[in-house]
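Trainee: Input: one structure, supplied below.
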Amino acid sequence: MTPIILDCDPGHDDAIAIMLAAGDPAVDLLAITTVAGNQTLDKTTLNALRVCTLAGIHDVPVAAGCPRPLTQPLQVAEDVHGESGLDGPRFGEPTVRVSGEHAVDLVHRILQEHPEPVTLVPTGPLTNIALLLTRYPENAPRIREIVLMGGSTERGNVSPYAEFNIFVDPEAAAIVFGSGVQVTMCGLNVTHQALVTPDVVARLEALGGAIGPVCVELMTFFASAYRKVFGFEAPPLHDPVAVARVIDPSLVECVDAHVAIEVVGRFTRGATVVDLGGVPNAKVAVGLDVPRFWDRLVAALANVAAP
Ligand code: BDR
Ligand code: CA
């Protein structure tokens, strides 16, 4: 079992990533931390608690982290995730409570205490991770790997070259990619293959219980937003791809590359400049085994749904 900490901004695809990480037997989910991104920090944290309550995840600490990017004002993705950040289903009052510890302090403590190095899986802006690396540099050897959803080898989704998670906090991304810790980037070039087709929705519906209908409502809202904003026929489920890479590396093919973060460009700020010929500082995802990805995801959700 690979010990992981999921740092997220739920977010429809983050919500499914939480359930994948909780339900798959290959990973040991040590903590869930939240960051401002898809919505403000109070909303992303509430949404993490809602998902944990829904999925019966009671034994994993949830801690809130940074309320804004390192240097620039927060830009949220309300057009894609709605006013709550998790629009679609109606959630009751969560019974899972947030930890009193700041996310960065919780992650630091876990890294120090856990008997083996831990993999960090960020699926939102990299603010918390950058703060962790700068405030507690002694943690670096305790981090086995950072496997993130963000960036792209091709086009972006908030500007021609920038993907949302990197665009929201490019300075944080630059710190993470320059840290010397092993980084794996799962970008839009692969996550755009994880499309929630009608067949996938039918499999989610078949899960039944409390989870099946909520997953369908989440994906229905997400699909209509993706149709409106991007003209996609089916929405891409970005964040679970990073979790899947940790669960079974053969699901997500990667190559070594140098990734530079554009922090200056007038038109390209937040771009991930991937140089396949440069001195590698990262692994970059280039392929996804789509059928096996969905099989693994649905199996994990079925585990979570089981009483
Ligand atoms: C990323 O941005 C967010 O809207 C999603 O949750 C995902 O992490 C995709 O660009
Ligand atoms: Ca996310």
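Nothing in this text is a laboratory measurement; each read-out follows from the coordinates by a stated rule. The structure displayed is predicted, hence computed values, not measured ones. Note: ideal-geometry Cβ built from the backbone for every residue, glycine included; neighbour counts use all protein chains shown.
Trainee: So who's got an amide H within less than 5 Å of the one on Thr184, skipping anything under 5 residues away but keeping other chains? H placed 1.01 Å off N, in plane.
Mentor: Those lying under 5 Å, H to H, from Thr184 are Ile146, Val147, Leu148, Lys283.
Trainee: As a test of understanding, state the convex hull volume per residue of the stretch 2-303 from its alpha carbons, in Å³.
Mentor: Numbers: hull volume 34.6 nm³, N = 302.
Expressed per residue, the convex hull around the Cα atoms of the stretch 2-303 is 114 Å³.
Trainee: I want to check the label-to-label distance for Phe230 and Arg266. Put each point 7 Å from Cα in the C-beta direction and report it in nm to one decimal.
Mentor: Label-label distance for Phe230 and Arg266, simple model: 2.8 nm.
Trainee: I need the Kirkwood Rh of the stretch 171-307: take the reciprocal of the average 1/r across all distinct C-alpha pairs and report it in angstrom. It would help to have the intermediate numbers written out before the result.
Mentor: Working: mean 1/r = 0.0602 Å⁻¹.
This gives a value of 16.6 Å.
Trainee: Could you line up Met1, Met185 from fewest to most neighbouring Cβ atoms inside 10 Å?
Mentor: Numbers: Met1 9, Met185 30.
Arranged by neighbour count, lowest to highest, Met1, Met185 become Met1, Met185.
Trainee: Consider just the alpha-carbon atoms of the stretch 180-242 and return their Rg together with their Dmax, both in angstrom.
Mentor: In order Rg, Dmax, the Cα atoms of the stretch 180-242 give 13.6, 44 Å.
Trainee: Say R0 is 35 Å: what FRET efficiency, to the nearest 0.05, do Glu93 and Glu113 get from their beta-carbon distance?
Mentor: Working: r = 32 Å, r/R0 = 0.90.
It comes out at approximately 0.65.
Trainee: Where both partners of a DSSP beta bridge lie in the chain, what percent of those bridges are antiparallel, to the nearest 5? Don't skip to the answer; put the middle values down first.
Mentor: Working: 12 of 35 bridges.
The answer is about 35 percent antiparallel.
Trainee: If you don't mind, there's one more thing I want to ask. In what sequence do Leu301, Leu74 fall when counting other Cβ within 10 Å, fewest first?
Mentor: On the way: Leu301 25, Leu74 18.
Neighbour counts put them in this order, fewest first: Leu74, Leu301.
Trainee: Once the Cα gyration tensor of the stretch 118-173 is found, what semi-axes does its equivalent ellipsoid get, as square roots of 5 times the eigenvalues, in whole Å, sorted largest first?
Mentor: 24, 12, 7
Trainee: Follow-up. Sorting Met19, Met149 on the 10 Å Cβ count, fewest up front, what's the list? Please report the intermediate quantities before stating the final value.
Mentor: Working: Met19 25, Met149 29.
Listing Met19, Met149 from fewest to most nearby Cβ atoms yields Met19, Met149.
Trainee: Ala244: net charge of surrounding residues, Cβ under 13 Å, Lys/Arg +1, Asp/Glu -1, itself excluded? Walk me through the intermediate numbers first.
Mentor: Values: positive: Arg245, Arg292, Arg296; negative: Asp13, Asp24, Asp239, Asp248, Glu253, Asp289, Asp295.
With Lys, Arg at +1 and Asp, Glu at -1, the neighbours total -4.
Trainee: Could you estimate the translational diffusion coefficient of the stretch 6-75 from the Stokes-Einstein equation, with Rh from the Kirkwood formula over C-alpha pairs, at 10 °C and 1.306 mPa s, in whole µm²/s?
Mentor: 131
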